[in-house]
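Input: a single structure, listed below in structure tokens.
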Amino acid sequence: MSVVVDARPPGLDTSTYDTEVRPLSIHAVFFALNETSFFTAALSSVYEAISGATVITSYDRDRYGNHVEPEGLVELILSRAIDPERKVNLIVTNEGSEPQARNRAMAYARHLSPTVTLDGEPPGLQPPDLFWHIDSDEVYDPADIAGLLAWIDAHPAKAYRMELLTYFRTWNWRIDEQGSFTALTRPDFCFGDIRNPYPNIWTRAWAKAAQLGWVPDSYAWHRTGAVMVPPEVAVCHHGSYVGSRQRVADKVARSSHISEMSAGWMDRVWDRWTPELRDFHPTVPTRFPAAVHVATAELPPAIRDGVWPDGWIEPLRPPPNQAVGFSNRAK
């Protein structure tokens, strides 16, 4: 897919020299640990739109320094089996801070894109126009990407936030959730708190104003340089709680929000979950008000056509007369 938009920096004065519109340069930054099936789907969903990618991983350690058995992610990346155009760079780090790991990956990738300078000077290096920040369980619909990039071009900002569609137990149960996160940023952006900008007096003040209900969240983010991408333009499909009981238990144990987790959530909620259950998020129950069924045919291609362990997604065409419902196979 080729997407061409005006990639000149916002506010650039072009009155004194010639310029031309060129393809938007997007570098994907993946923060990943194992989860090979998810990473394969995430990368394939944006592969045609990106000019490059950097994967940063701690390989055999979680964010707390605990040993994790590698599952082949590094070997898969190095094999180039899912990267035929050799777009992907790999960093193995001991950095335990998630925002600092993302910042390190951006620092590495800022000067990987060659460009031609004027007056016959040798080629220089230029940062990408945008960084696209993706976790291994975040997947996009390629059909949305052209519209997303055109919308970004029409709305200059330091960062772009997007809504999440979170899935629970299988890819066929979607949470009726209105969460958002920082998905794309300009090269001069730095993370300071998970997926949020580096905090200062102004970002803290606007966050507090939104928390107290004085201003809408979208307005507070806008005042700190971020804009919200309308969900009708594009959303992120988040497989955060998709998979086996062991996969989700490991995720909960390694979460940056572990101190906020409801005690016994796996036993009380995961093991006993049915589609009728309400308010079941592990830290703030009302964040997961309900789950709705989504047919496999309605999912993005990278999810629908992905290779998943048994029970993580329903067959594309269920046998005739088979009732569609919840299955304990993903337990």
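Any idea how many residues of region 285-306 are free of Cβ contacts under 8 Å to residues at least 40 places away in the same chain and more than 16 Å from Trp173 (Cβ to Cβ)?
Number satisfying all stated conditions: 3.
Here is a yes/no grid of residues against (1) among the aromatic types (Phe, Trp, Tyr); (2) surrounded by 13 or more Cβ atoms within 10 Å (Cβ to Cβ); (3) out of contact with any Cys (no Cβ under 6 Å at 6 or more places or on another chain); (4) at pLDDT 85 or above:
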{"position": "Pro199", "(1), (2), (3), (4)": "no, no, yes, no"}
{"position": "Trp202", "(1), (2), (3), (4)": "yes, no, yes, no"}
{"position": "Leu212", "(1), (2), (3), (4)": "no, no, yes, no"}
{"position": "Met228", "(1), (2), (3), (4)": "no, yes, yes, yes"}
{"position": "Ala234", "(1), (2), (3), (4)": "no, yes, yes, yes"}
{"position": "Gly243", "(1), (2), (3), (4)": "no, yes, yes, yes"}
{"position": "Arg247", "(1), (2), (3), (4)": "no, yes, yes, yes"}
{"position": "Met261", "(1), (2), (3), (4)": "no, yes, yes, no"}
{"position": "Asp271", "(1), (2), (3), (4)": "no, no, yes, yes"}
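Consider region 121-133. How many of its residues are modelled with pLDDT under 90 and either in a loop (DSSP other than H, G, I, E, B) or touching a Lys or Arg at 6+ places or on another chain (Cβ under 7 Å) (or both)?
The number of residues fulfilling the criteria is 4.
Any residue in region 134-154 that is under 24 Å from Ala32 (Cα atoms) and at pLDDT below 95 sitting within a Cβ distance under 8 Å of a residue that is of a type in the set (Phe, Trp, Tyr) and in a strand (DSSP E or B)? List the pairs, counting only those 6 or more apart or interchain.
Every condition considered, the pairs that remain are Asp135/Phe30; Asp135/Phe31; Ser136/Phe30; Ser136/Phe31.
If you check Pro282, Pro275, Pro309, which single one turns out to be more than 23 Å from Gly179 (Cβ to Cβ) and touching a residue at least 24 places away in the same chain (Cβ under 8 Å)? Break it down into steps so the answer makes sense when it comes.
Details: Pro282 fails: more than 23 Å from Gly179 (Cβ to Cβ); Pro275 fails: more than 23 Å from Gly179 (Cβ to Cβ).
Just a single option satisfies the conditions, and that option is Pro309.
Output the number of residues of region 27-36 satisfying the condition of being out of contact with any strand residue (DSSP E or B) (no Cβ under 7 Å at 6 or more places or on another chain) and crowded, with 21+ Cβ neighbours inside 10 Å. Working first, answer last.
Keep residues of region 27-36 that are out of contact with any strand residue (DSSP E or B) (no Cβ under 7 Å at 6 or more places or on another chain), which gives 34-36.
The next check asks that each one be crowded, with 21+ Cβ neighbours inside 10 Å; those that pass are 34.
Count: 1.
For Trp221, indicate whether it is crowded, with 16+ Cβ neighbours inside 10 Å, modelled with pLDDT under 95 and aromatic (Phe, Trp, Tyr).
On the way: crowded, with 16+ Cβ neighbours inside 10 Å: yes; modelled with pLDDT under 95: yes; aromatic (Phe, Trp, Tyr): yes.
Yes.
Conditions tested, residue by residue: (1) of a type in the set (S, T, N, Q); (2) over 19 Å from the mean Cα position of the chain (by Cα).
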residue	(1), (2)
Asp60	no, yes
Val68	no, yes
Leu78	no, yes
Ile82	no, no
Gln100	yes, no
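It is to be established whether one or more residues within region 312-321 are assigned to a loop (DSSP other than H, G, I, E, B), within 30 Å of Arg63 (Cα to Cα) and either at pLDDT 90 or above or of a type in the set (S, T, N, Q) (or both). Break it down stepwise before answering.
Residues of region 312-321 assigned to a loop (DSSP other than H, G, I, E, B): 312-321.
This time we only want the ones that are within 30 Å of Arg63 (Cα to Cα), so: 312-313.
In the following step, the residues that additionally are either at pLDDT 90 or above or of a type in the set (S, T, N, Q) (or both) were identified as 312-313.
Scanning region 312-321, I find at least one residue that is assigned to a loop (DSSP other than H, G, I, E, B), within 30 Å of Arg63 (Cα to Cα) and either at pLDDT 90 or above or of a type in the set (S, T, N, Q) (or both), so the answer is yes.
Going by the conditions given, is Val252 β-branched (Val, Ile, Thr), more than 22 Å from Val139 (Cα to Cα), free of Cβ contacts under 8 Å to residues at least 40 places away in the same chain and not in a loop (DSSP other than H, G, I, E, B)?
no
The values are calculated or read from the model by the stated rules, or taken from the named source; none is laboratory data. Fair warning: this is a prediction, and the values are worked out from it, not measured in the lab. Glycine gets a Cβ as well: all are built from the backbone with ideal geometry, and neighbour counts include every protein chain shown.
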